[in-house]
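Have a look at the structure below before the remarks.
The values are calculated or read from the model by the stated rules, or taken from the named source; none is laboratory data. As the structure is a computational prediction, the values presented were derived from the model and not from experiment. Positions of Cβ are generated from backbone atoms using ideal geometry, with glycine treated the same way; all protein chains shown enter the neighbour counts.
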Amino acid sequence: MMDQGDNFYIDKVLKNDLNAYSVLVDRHKDMVYSIALKILKNREDAEELAQDVFMKAYQSLKSFKRESKFSTWLYRIAYNSAISKTRKKQFITTDLDYNIVENYSIDEIKEDVERLSDDEQKKIVNTILEKLNPEESILITLFYFSEKTTEDISIITGLSQSNVKVRLHRLRKRLLTEVQSQIQKSNKEIFR
């Protein structure tokens with residue numbers, strides 16, 4: 001059987017075929033959960049929020065105007081719900097260190113990264129991603145891991161497209177600097 005697009009299943013749900021909604025849930029559950037987890041940083045809260053998001057989406061499906069993709073609309077619900085939940089809990093986050101003294105060229109950083117094993121690279125990336133605040137983390141996740149366009153990210157987050165581009169640019173610069181810092185920290189530990 002040929003795989004149908006989201007709109008096909010939306011039409012079926014709107015005609016009271018409840019089984020069609022399970023197809024939409026299966027397609028998008030991983031990304032909804034990922035968005036929730038990146039923002040909430042707690043598996044149980046992310047699972048609960050993902051369920052709530054699919055309930056909200058189901059209840060609001062009649063109002064989905066199809067001006068954007070269903071996935072974009074759904075991810076915006078997930079993003080807004082997760083941000084609202086963090087505001088209620090008032091999480092304290094720490095930002096990456098903005099006061100970096102030294103400057104490094106991108107080529108130097110790439111060379112240093114290439115010398116690391118895959119496990120060391122993953123460890124450094126995870127350490128850096130954990131330092132990001134929820135909004136920064138979700139931008140990185142949507143753009144690099146989910147390969148969403150800046151236009152889609154703009155719709156999901158409610159930021160202007162130019163703001164998304166500027167934030168991603170600044171994040172890349174900070175992340176490169178933080179990668180170099182983590183590499184130096186690892187090298188110091190090796191030579192102790």
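Below is a table of values for the structure above.
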quantity: TYR9 vs. criteria more than 15 Å from ILE138 (Cβ to Cβ) and part of a helix (DSSP H, G or I); calculated: yes
quantity: Tally of residues being part of a loop (DSSP other than H, G, I, E, B) and in contact (Cβ under 8 Å) with a residue 12 or more places away in the chain across the range 30-72; calculated: 5
quantity: Criterion: surrounded by fewer than 18 Cβ atoms within 10 Å (Cβ to Cβ) and either of a type in the set (A, V, I, L, M) or at pLDDT below 80 (or both) - qualifying residue of PHE91, PHE145; calculated: PHE91
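Conditions tested, residue by residue: (1) touching a His at 6+ places or on another chain (Cβ under 9 Å); (2) surrounded by fewer than 18 Cβ atoms within 10 Å (Cβ to Cβ); (3) hydroxyl-bearing (Ser, Thr, Tyr).
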| site | (1), (2), (3) |
| --- | --- |
| SER117 | no, yes, yes |
| GLN121 | no, yes, no |
| VAL125 | no, yes, no |
| ILE140 | no, no, no |
| GLN161 | no, yes, no |
| VAL164 | no, no, no |
